[in-house]
Amino acid sequence: MIPITLRRSLLLFLLLLSVSSIFFASASGSVSLGWSEWLAAIQDSGSRHGELIWRLRLPRAMAAWVVGSMLAMSGCLMQVLLRNPLADPYVLGVSGGAAFATLIGMVFGIAVSFLPWLAILGALVSILIVFGLARGTGPWSGTRLLLTGVVTASGWAALISLVLSLSPDNSLRGMLFWLMGDLSYAVLPLWSLAVLGGSFILTLGLARSLNVLAMGETTARLLGEPTRQMLWLVYLLASVLTATAVSIAGSIGFVGLIVPHLMRLLVGSDHRILIPAATLFGGLFLVLSDTLARTLLSPQQLPVGVITALLGVPLFLLLLNRARLKGV
């Protein structure tokens, strides 16, 4: 963990890296641009390279940054909610509902511009199902919420498998790419920026309460926190962030699991620093992963979810080994 005096400097460094990664992504691809060509293209959006940057690469890089930030923030919230370092944004079935609704839209040939709204609708249905079944009348139970979410996710997975098995062959490739997480046709709606900004401000405002909740529900209650209301609020916030991210780019794995772990090692568990650090690094991580997905086998493009899995699995194993050596 870095010293306290350097933590805010790290946030500034991550912000600069995030901005630089977006510029780097806009210059990289099957048609690589030198920095002089890149500057000329930025200044002339009507040129061939200008259209490549302004209409394709920059919007895609911005979408990747927003999605990565949302998943990382949602991962932080889920790990507090369930008090489980293995929790990620998809553990409670939100992505399953979004994926099922989107695949149904693809089967019936609904326009691409409407698919994000279908994903939001499916995610909302999943949130309501989990909320309704897990709420109960007694005290808060993270175990009941987790079990309800896992069972709901399994149900969505079965429905997704059914849709895939009945779908025509000519649409299967697009469906599978979306399920693996793909930014090729990602559109960044303005309302998603409002969701990210509003959630970030609200989560920062809850940072002290998140620190208390991380110590356990009993401790939080003794310190005067309204634990039941707080935990449901955290669940809804994490679900909204996950649903928005999935509606833009599909189910991209490991970002919401790995990024909070890495940032916790660097800045500690104080959510006043952890939340902004994870948000910035999540965006940075996904932008670089998507750039690698576009360039690794250029001109062929890979789903970005494949890259995040290939990077996330060894990183996660290293973290597990580190915890084992420390006796955690």
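The values are calculated or read from the model by the stated rules, or taken from the named source; none is laboratory data. Computed from a prediction, not measured in an experiment: that's the story for all the values here. A quick note on method: Cβ atoms are made from the backbone with ideal geometry, for glycine too, and the neighbour counts reach across all protein chains shown.
Quick notes on this one:
- Boolean, Gly181 is modelled with pLDDT of 80 or more and not aliphatic (A, V, I, L, M): yes
- Matching option when the condition is surrounded by 17 or more Cβ atoms within 10 Å (Cβ to Cβ) and either of a type outside the set (S, T, N, Q) or touching a Leu at 6+ places or on another chain (Cβ under 6 Å) (or both), among Ala157, Ala186: Ala186
- The stretch 74-110 - residue that is farther than 22 Å from Leu147 by Cα and assigned to a helix (DSSP H, G or I) and, of those, farthest from the chain's Cα centre (by Cα): Val107
- Summed over the stretch 28-59, the residues that are over 24 Å from the mean Cα position of the chain (by Cα) and either within 18 Å of Leu284 (Cβ to Cβ) or of a type in the set (S, T, N, Q) (or both) give a count of 6.
- The residue of the stretch 302-328 that is surrounded by the most Cβ atoms within 10 Å (Cβ to Cβ), among those that are part of a loop (DSSP other than H, G, I, E, B) and either modelled with pLDDT of 85 or more or touching a Pro at 6+ places or on another chain (Cβ under 7 Å) (or both), is Pro303.
Per-residue answers, yes or no, for (1) aliphatic (A, V, I, L, M); (2) closer than 16 Å to Met70 by Cβ; (3) modelled with pLDDT under 90:
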| position | (1), (2), (3) |
| --- | --- |
| Leu176 | yes, no, yes |
| Gly205 | no, no, no |
| Arg228 | no, no, yes |
| Leu266 | yes, no, yes |
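- Check on Ser184, part of a loop (DSSP other than H, G, I, E, B), under 20 Å from Ile248 (Cβ atoms) and either among the small types (Gly, Ala, Ser) or free of Cβ contacts under 8 Å to residues at least 60 places away in the same chain (or both): yes
- Filtered by the rule that a residue be under 22 Å from Ser239 (Cβ atoms) and not in a helix (DSSP H, G or I), the stretch 142-181 gives a lone residue, Gly181.
- Of all residues in the stretch 160-183, those being among the acidic types (Asp, Glu) and surrounded by fewer than 14 Cβ atoms within 10 Å (Cβ to Cβ) number 1.
- The criterion of at least 2 residues that are surrounded by 14 or more Cβ atoms within 10 Å (Cβ to Cβ) and among the hydrophobic types (A, V, I, L, M, F, W, C) is met by the following helices (runs of 4 or more DSSP H) wholly inside the stretch 1-60: 4-27, 35-43.
- Gly122 free of Cβ contacts under 8 Å to residues at least 12 places away in the same chain, under 23 Å from the mean Cα position of the chain (by Cα) and either closer than 17 Å to Leu71 by Cα or crowded, with 16+ Cβ neighbours inside 10 Å (or both): no
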